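Let me begin by presenting the structure, written as structure tokens, before commenting on it.
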Number of protein chains: 2
Amino acid sequence: MIKKELTPVHLSKVTIDGPFWAPRIKINRERTIPYEYKIFKETGRIDSLKSGWKPGTDFEPRYFGYGGIYSWIEAASYSITIQPDARREALIDGLVKLIAERQQPDGYMPGSHKDVEPEKRWTSLRDHSALFGGLLEAAVAHFQATGKRTLLEVACRFVDYVDTVVGSEPGKKRGYPGHEGIELALIKLYKVTGERRYANLSKFFVDERGQQPHYYDLEARERGEEPAPFWAACYYDREAKATGRGEDLQPFWEAPNLGIGAYFWAPVRTVPYEIPYEYNQSHKPVREQDRAVGHAVRATYLYSAMADVAAEFGDEELRAACDRLWNNLTLKQMYITGGIGPSKLNEGFTQDYDLPNETAYAETCAAIGLVFWAHRMLQFECDGRYADVMERVLYNGALSGVSLDGEKFNYVNPLASLGNHHRQEWFDCACCPPNIMRLIVSLGNYVYSQSETDAIVHLYVGGTASLRVAGQTVGLRMDTRYPWDGKAVITVEPETPASFGLKLRIPAWCTEFSLKVNEMETESLKPQRGYLRIEREWKDGDRVELNISIPINLASAHPKVRDDVGCVAIQRGPLIYCIEQVDNNVLPYRIVLPQDAKLTESFEPELLDGVVMVRGDALVEDDASWDGKLYRAGKQELRPFKVSAIPYYAWDNREAGEMRVWIRTDS
Amino acid sequence: MIKKELTPVHLSKVTIDGPFWAPRIKINRERTIPYEYKIFKETGRIDSLKSGWKPGTDFEPRYFGYGGIYSWIEAASYSITIQPDARREALIDGLVKLIAERQQPDGYMPGSHKDVEPEKRWTSLRDHSALFGGLLEAAVAHFQATGKRTLLEVACRFVDYVDTVVGSEPGKKRGYPGHEGIELALIKLYKVTGERRYANLSKFFVDERGQQPHYYDLEARERGEEPAPFWAACYYDREAKATGRGEDLQPFWEAPNLGIGAYFWAPVRTVPYEIPYEYNQSHKPVREQDRAVGHAVRATYLYSAMADVAAEFGDEELRAACDRLWNNLTLKQMYITGGIGPSKLNEGFTQDYDLPNETAYAETCAAIGLVFWAHRMLQFECDGRYADVMERVLYNGALSGVSLDGEKFNYVNPLASLGNHHRQEWFDCACCPPNIMRLIVSLGNYVYSQSETDAIVHLYVGGTASLRVAGQTVGLRMDTRYPWDGKAVITVEPETPASFGLKLRIPAWCTEFSLKVNEMETESLKPQRGYLRIEREWKDGDRVELNISIPINLASAHPKVRDDVGCVAIQRGPLIYCIEQVDNNVLPYRIVLPQDAKLTESFEPELLDGVVMVRGDALVEDDASWDGKLYRAGKQELRPFKVSAIPYYAWDNREAGEMRVWIRTDS
């Protein structure tokens, strides 16, 4: 029976003081968390929570309306975990009180505009889900941070109520949420409370999804509607038939009841082949799925829950489904930044290798969802391919979701921009800003794992940790400037000398490293599935020094990725680079970076809170000789040009301009 | 005082039998013209003409509803000019009779849904123009073809009526059409009738456009509307403000009253900077304009009229405006195919050098409008730069508008396709099919010009012509397989021996040619402004043999064209080539054509009604070594590949697939 071999080391056992992440976490704690509270207040969310939503009030909770507040409680709870703060705790408790007061006598928690029509509570799980996980995750984090059970009890009462309504038992609805999320939250709640019903309910949701007769068909008919989900109505066909000129119209979906904005436009490339129920991954039972489809956030939350349920129930079939989906998503549908879901149309997946750069949707929440999933997969078996993806997303496509000052946010994370894209102060659909906030403040959760036999380092992040290994508490102290350089010094601090393995991840991009234990070069260890394992009797103060050489190289994409052919991306260790107009006195699209270009690096402490800038010997087309012509025969003339590139996560923190990750190259 | 130095040789004096155009004209005459008549019948247009449009009838004439029928009469008249056909003439006369019966007692001609509210006839020239030129052009063609005055008289009565309503005299409306077209048609009508008022009215329309107070402001206020044209309402700003997430929404215009389709989508690149009145070129007086803006068909029809009015009135200032607009349009806003107007948003122009390929709108009608304009500019002074553009458009971006079988049509003419673009059998806005039909059948109009001193050959098209030069009629007989090869033999047949110049165009792409007169090599003549001039005493049977070498070369675009950097286009003489998936066993986007690639040609008589296919030594990225990876470091591997290219005009005549004109190259 499979299970997760590893256990993550919890945030509360980890401190972070390394130069890359500590400032990001500090800004998150000191600026982003207060900023978002202020926004919740200003946008009427907190008032709405206080008084209950009524028609005509400013803020409409819509479908996931209180989700942001739950995420805020979760993030703020993490923040007081890593740095106690009585005022913040009081603020959290204030919200918790409001939430508790909003709970209905039967345990139901309002959270959508259907609340004013209580009889409609269970009429449309597809679109107006009564099933949301944010409350549960907030409750777990609040309880773990404070020991207070108030919110945990609200969450349990809510789930207990849900459990009376849905499930496989006769008389219950065989429904499941249109937007996944509660499944993984139920596993968290189960782990904290020990209540097995919660894990069972999660498994029910996972397994019921996509079964026939299709629940969303049934509930639609009960509402007197046609089963065909009207939110998937594709005008494209209709227009094409009506006018005979479909070829020059762009497809779009009208999605009025998603409430996120009236319309979604499709990138030119993205033809809406999608079968409607693929949107929420209910097109077939999850065990039969082998391609990541539909809304990318929904997808990653589901896949995370599938991994959790597989582990909790020792379910190999489910784990195999996870692996199939993982391979499809990470080997055919993932941007080099770790962003996923190229299409605005469905905020999600399209075809394999369809990864347009300028129109990339690559929602911040989807990247975060991929971190969640990767982290769960990693615990099954310590395999670097999961950690590699987790690291790729963290340092690139997720971190790009928030500005360096912590108060502006990307909903979408394109890999090329004409300068018309900027982080916003807020979004009407307030999912991404709280989500990136809770991820960054809880980064400590992702650094280490432990098992009976091993202490495991997944990420090189300076700080300390306290692990349970070999029956005792083992302290680790890590000193590193990673990813700016590749040296990491780990001091091992067991309570008493003990034999166990110390596993250190060697990223897939790393081709050269050296290792010393107590100043002695080790014999040539080889990484197994991405990890070195050093087994010995560890004594307090043993010192391991790992030197990963961090190369700058040019990556290319599989030739099936049509938008990246003829292009390279600069990567330096885990960081993907981009070229911004502001650093270069020509428009980035005009730059050609030969495949054998000389590339140099320098750490610039004043630039973008301190980054390693990469410079290279590039070329640009010369237009001096064009003399007013628009077209001409003959060879193009190129002149030498020094290109400057910065880490992708830090783009769009200065003046507006063109940006691109994929740079033209020679061939 | 400027005037047009040259006079075009009229269609009725020209025959065409060369292997390139004769088959196209034959298919046009035998298939396209009957096909379109059938469609007009089937879509209710002819019934509507018969009975008058009433609410609820199938066909709504909308704004330019009878335009197609007028174009059909014009094209059919040309066809009986070049090949008499009594049945067709009877069909034309039948339509003429219906049209005459529809004329109102005051001379007004119905043609829009406003007809059911006659009092609204003059309330919105901006959108529902009562001012249309198709009738006039049809009338002139019909009169010239048949000598019958019926339609000409209808047209004159209509214009006489219009002339009582609009104009600069006190009490008249200072209005002008929202869709230009009548201006150039009035000049045609003037030339046939000698009625100077018609030329004056044309000049009034040209000069009044864009004057202040703005007529469209005034008429909007009279309708009780705000002057801001609601058809230019850009949802982009509104959405961006409302949701704070404008950066990931595509801009679009709602254009319900254009009747062409409910919505226009903007390509991602095309931000709607446009000031609304630029849409119909009324943003400022035409003499002050120096950039081609707005709806491209409207623009070229206006510019054509400006050239006509400048010539008729000896107006140098207007001519200078034409030159400025010409330089902007052809040197900064024209596709290599001669297509113009990149954006779906306004069916027109955007920014200089904004020439996206996949989303190119490049409407067939706009290409045709550019032919009209180029042809008019060419008559001012025999300058090859006008003829070069005229030829470029004719052989590429215009001819691509119709299928080889003559019964399918392109509204838009992209320079790259993923295989989702196909010629259609019809369009609700039926402008392009009749327009390309009338252009092809009247190709004879574009081949020659004459002046007192010169016989001029603009295009190499096999056939005969009868010119007026040096006070007598001069016959020319041209034998050529151009553009398949570059030899043209011209036999000169004056009535009596006479001295005059024979001017032969040397296209700008031609770097090598030879010339024999009566088998004798001439001394090395140099082209002046694109034309060789051979002056001598010509005798009946004098034989001139021009050999233009037709190179295949690779063109590049100015580096400011962001969508063409790193790419080349294959051109062979006047023809632009494209690569279609059907001829190549890899997707065209994967092909790299080195700048020094060896290119060979062969005429394939069975392929696409006979074309010269170009083959080249190219490369493609090899994916055999990728082994399931999505990204990797290191050099890309390329393997040799033989690419096959066909002329762009012939694309999409076989099975669906990817196409591109601009091919990746090395650097």
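Of note:
- Taking amide H positions as modeled 1.01 Å from N, with prolines and chain starts lacking one, the residues under 5 Å from residue A:573 and 5 or more places away or on another chain are A:553.
- FRET efficiency estimate (nearest 0.05) - Cβ-Cβ, residue B:633 to residue A:149, R0 51 angstrom: 0.50
- Projecting 7 Å from Cα along the Cα-to-Cβ direction, the label point of residue B:41 sits 7.7 nm from its equivalents in the other copies, listed shortest first.
- Accessible carbon and sulfur surface of chain B relative to its total accessible area, %, 1.4 Å: 49
- Copies compared at residue A:288 - label distances in nm, ascending, label defined 7 Å from Cα in the Cβ direction: 6.8
- Calculated FRET value between residue B:331 and residue B:3, using beta carbons and R₀ = 30 Å, to 0.05: 0.70
- Among the residues of A:584-597, the average count of other protein chain beta-carbon atoms within 10 Å of the residue beta-carbon is 2.
- Rolling a 1.4 Å probe across the protein heavy atoms gives the range B:312-430 an accessible surface of 19 Å² per residue.
- Percentage relative contact order, the range A:447-548, counting C-alpha pairs under 8 Å, at least six apart: 27
- Near the amide H of residue B:469, within less than 5 Å, lie the amide hydrogens of B:474, all on another chain or at least 5 residues away, with H placed in the peptide plane.
- Over the Cα atoms of the range A:552-664, the radius of gyration divided by the Kirkwood radius equals 0.99; this is the Rg/Rh ratio.
- For the range A:305-318, putting each phi into the Karplus relation 6.51 cos²θ - 1.76 cosθ + 1.60 with θ = phi - 60° gives couplings of 5, 4, 5, 4, 5, 4, 5, 5, 10, x, 9, 5, 5, 5 Hz, in residue order, rounded to whole numbers and with x for Gly and Pro.
- For the range B:447-548, the solvent-accessible area of protein heavy atoms averages 42 Å² per residue (probe radius 1.4 Å; ligands and nucleic acids excluded).
- A/B buried area, accessible surface, summed, 1.4 Å probe, Å²: 6800
- When only Cα pairs below 8 angstrom with a gap of at least 6 residues are kept, chain A shows a relative contact order of 13 percent.
- Against the empirical 2.2 N^0.38 Å (N residues), the protein assembly as shown has a Cα radius of gyration ratio of 1.06.
- Residues with amide H under 5 Å from that of residue A:501, placed H, sequence gap 5 or more: A:454, A:455
- J(HN,Hα) series, the range B:642-653, from Karplus relation 6.51 cos²θ - 1.76 cosθ + 1.60, nearest Hz, glycine and proline x: 9, 8, 10, 10, 10, x, 4, 4, 9, 5, 6, 10
- Residue ranking by accessible heavy-atom surface, 1.4 Å probe, largest first, among B:13, A:344, B:148 comes out as B:13, B:148, A:344.
- Euclidean distance of C-alpha centroids, the range B:486-537 and the range B:378-455, integer Å: 27
- Averaged over B:613-622, number of beta-carbon atoms from partner chains that fall within 10 Å: 1
- Per residue of B:625-632, other chain Cβ atoms within 10 Å of the residue Cβ number 6 on average.
- Lysines with Cα under 19 Å of residue A:635, excluding same-chain neighbours fewer than 8 positions away: B:560, B:598
- Label distances, nm, residue B:52 versus same residue in remaining copies, Cβ-directed 7 Å point: 6.3
- Per-residue Karplus couplings for the range A:608-620, computed as 6.51 cos²θ - 1.76 cosθ + 1.60 with θ equal to phi - 60°, are listed in order as 6, 6, x, 9, 7, 8, 10, 10, x, 7, 10, 9, 9 Hz, Gly and Pro entered as x.
- Accessible surface for residue A:390 stands near 0 Å², nearest 10, in the context of the full protein assembly shown (1.4 Å probe).
- Cα-Cα over 28 Å, subset of A:191/A:503; A:487/A:539; A:97/A:344: A:97/A:344
The values are calculated or read from the model by the stated rules, or taken from the named source; none is laboratory data. All of these numbers come straight from a predicted model, not from anything done at the bench. Glycine also receives a Cβ, built like all others from the backbone with ideal geometry; neighbour counts cover every protein chain displayed. Just the protein is used for accessible areas: all its heavy atoms, side chains included, with ligands, DNA and RNA removed. Shrake-Rupley method; radii C 1.70, N 1.55, O 1.52, S 1.80 Å.
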